[in-house]
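Here, each number is a calculation from the coordinates, and none is a lab measurement. In this text, all values refer to a predicted model and were calculated from it rather than measured experimentally. Note that each Cβ is placed from the backbone with ideal geometry, even for glycine, and that neighbours are counted across all protein chains shown.
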Amino acid sequence: MDAILAIARFVVNEILSVPAYMVGLITAVGLIALRRSVGQVVGGGIKAVLGFLLIGAGAGLVTAALEPLGTMIQGAAGAQGVVPTNEAIVAIAQQQFGAQVAWIMIAGFALSLVLARFTPLRYVFLTGHHTLFMATLLTMVLATTGLPAAAAVALGALLLAVVMVSLPALAQPWTRAVGGDGKIAIGHFGTLGYVAAGATGQLVGRGSRSTEDMKLPEGLRFLRDSMVATALSMVVIYVAVALLYWARQGTAAALEMFPPAEGVDPTVGHFVMASVMEGLQFGIGVAVILYGVRTILGELVPAFQGIAERVVPGAVPALDAPIVFPFAQNAVLVGFLASFVGGLATLAFMAWVVNPVFGLALILPGLVPHFFTGGAAGVYGNATGGRRGAVAGAFVNGVIITVLPALLLGVLGTFGEANTTFGDADFGWFGIAVGYSFRAGDAAGVVLSLLVAAALFAAAVLVQRKAVLGGWDPAARHKEALERRKAEGERKKGSPE
């Protein structure tokens with residue numbers, strides 16, 4: 001038994017939880033199905049792995065640049081509360097429930113492939129670390145019940161499989177409006193925020209020009225380069241926050257933020273210039289992410305033709321949130337900032353109104369979830385509502401990922417007392433739905449949680465058949481309004497004065 005558990009843990013921790021390996025293997029399988037040569041299979045698989053490693057390297061740069069910024073924001077604002085960090089809460093839970101998480105993840109992934117093969121939901125969820133996160137969440141929620149371990153694993157695996165094939169389908173009409181012609185799907189558990197952003201864009205942004213069409217004065221043309229615009233924007237934000245932190249916390253605290261090289265005396269000048277460098281590092285991280293996305297799409301999409309033909313007919317790869325970034329690069333930065341503002345506004349409301357009445361935890365805006373989910377929400381909002389859609393849609397995402405983590409803490413048992421929790425939208429609503437199902441008792445909880453999964457699956461099948469296969473475009477009215485606006489502008493230019 002110990003050997004089996006060791007093997008399961010190895011497969012989960014060293015292969016399935018590493019998206020690069022998963023995508024490389026899937027790409028190789030697809031190329032084999034296409035009967036490519038050995039060299040093409042090996043080269044394509046390695047290139048797909050390298051593409052994902054590039055995304056990871058860029059994400060690491062972004063995360064490293066955001067960490068001191070988050071610390072300075074807390075110091076400047078004087079806020080205290082729970083910081084949602086998926087990796088932190090998962091690491092805590094793994095110490096107690098590592099084996100159960102492993103079994104739920106392996107069985108859930110296998111069941112998701114069965115569902116993709118024999119149901120209309122032909123989505124293969126390839127974001128391995130998010131699969132691990134959701135398996136951990138379900139383990140933590142089910143650990144608060146009286147279910148035997150085997151029953152908890154079976155139920156958790158089934159719930160995991162359902163969300164892995166259902167959520168990409170629910171978001172697919174909006175993902176197709178973003179770009180990719182339906183050849184890719186979103187495989188990231190921030191789906192509620194992306195759909196909400198797309199729907200918000202439909203409501204508020206009809207006819208609004210795209211974030212990618214921003215007209216700049218001649219002297220600011222250099223800002224049309226997304227890497228330059230992103231880096232410069234973050235430098236301005238970083239320096240402004242650094243100066244506020246210095247004013248609030250004092251010189252001693254400021255000098256401790258960025259220790260200089262050994263033998264160099266710390267100065268305020270070093271503190272400011274270190275802030276500038278962190279902003280530039282953020283811009284580099286985003287550029288690396290975009291290059292990695294382009295690299296992996298060049299290999300993965302053709303490989304999936306082979307999988308579609310042989311293994312899962314019509315399979316669509318469901319990939320991590322940055323996969324949509326290249327479709328509207330300006331919207332990523334707009335979405336990040338709007339989502340963060342939404343989180344701050346919601347935090348203020350909860351601190352002044354909700355917390356005194358209901359005692360809910362205060363969720364501090366985590367810059368990492370706001371960048372990745374907020375950036376993606378900005379892309380979705382822009383697709384259906386242009387600039388107004390990007391701002392409003394990402395703002396709504398910021399509200400969602402500030403409220404749901406606070407409610408989720410109530411179903412995590414003793415883990416609810418940790419100073420961190422899950423940060424993305426789908427962890428919140430799905431964990432709450434499953435957790436509160438068991439408030440009616442273990443037997444009733446199993447039935448209710450299965451009903452939740454059945455309702456989610458049925459909704460996904462309906463959307464797949466009626467909207468995805470039916471060709472519904474949520475951005476159609478927005479595009480028509482833009483065409484009318486363009487035609488009216490051309491008529492005005494051509495009319496005599």
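Fully extending the segment from E480 to R465 would add 3.0 nm, taking 0.36 nm per residue of separation and subtracting the current Cα-Cα distance.
In the chain, a dipole from Cβ-located charges (positive for Lys and Arg, negative for Asp and Glu) runs towards its positive end, and of G306, V141, W429 it is G306 whose Cα lies farthest in that direction. Stretching the chain fully between T414 and V239 yields a gain of 59.1 nm (0.36 nm per residue, less the alpha carbon separation).
Convex hull volume per residue, computed on the Cα atoms of the chain, equals 191 Å³. Given a Förster distance of 60 angstrom, what is the FRET efficiency for D442 paired with V268, based on the Cβ-Cβ distance and rounded to 0.05? The computed FRET efficiency comes out at 0.50. Tell me, what is the FRET efficiency for Q96 and L232 to the nearest 0.05, using R0 = 56 angstrom and their Cβ-Cβ distance as r? In this case the efficiency is close to 0.80.
Per the Kirkwood formula applied to alpha carbons, the range 32-188 shows a radius of gyration over Rh ratio, Rg over Rh, of 1.04. Hydrophobic long helices, here whole DSSP H runs in the chain with Kyte-Doolittle means of at least 0.5 and Cα atoms spread over 15 Å or more along the helix axis, are found at 19-33, 38-77, 86-118, 128-143, 149-178, 191-204, 226-249, 268-310, 329-349, 367-408, 425-437, 442-463. How far is the Cα center of the range 427-459 from the Cα center of the range 18-90, in Å? Measuring centre to centre over Cα atoms gives 30 Å. A straight chain from D213 to T251 at 0.36 nm per residue would run longer than the Cα-Cα distance by 9.4 nm. Computed over every Cα-Cα pair of the range 360-409 and binned at 10 Å starting from 0, the pair-distance distribution P(r) comes out as 29, 47, 21, 3 percent.
Direction-averaged shadow area of the convex hull around the Cα atoms of the range 60-144, nm²? Directional mean of the projected Cα hull area for the range 60-144 stands at 8.0 nm². P(r) tail for the range 357-497: Cα pairs beyond 24 Å make up 54% of the total. Sequence-distant contacts, meaning Cα pairs under 8 Å at least 6 residues apart, place the relative contact order of the chain at 26 percent.
Treating r as the C-beta distance of E67 and V11 and R0 as 35 Å, the FRET efficiency rounds to 0.70. P(r) tail for the range 290-449, what percent of Cα pairs lie past 22 Å? The proportion of pairs with Cα distances above 22 Å equals 55 percent. For the range 151-219, the equivalent ellipsoid derived from the alpha-carbon gyration tensor has semi-axes of 35, 12, 11 Å in decreasing order. Ignoring solvent entirely, what values of log10 I(q)/I(0) come out of the Debye formula for the range 427-479 at 0.23 Å⁻¹ when each Cα is a single scatterer? Values returned for q = 0.23 Å⁻¹ are -0.82.
With the highest mean first, a sort of the peptides 470-476, 193-199 on other beta-carbon atoms found within 10 angstrom per residue produces 193-199, 470-476.
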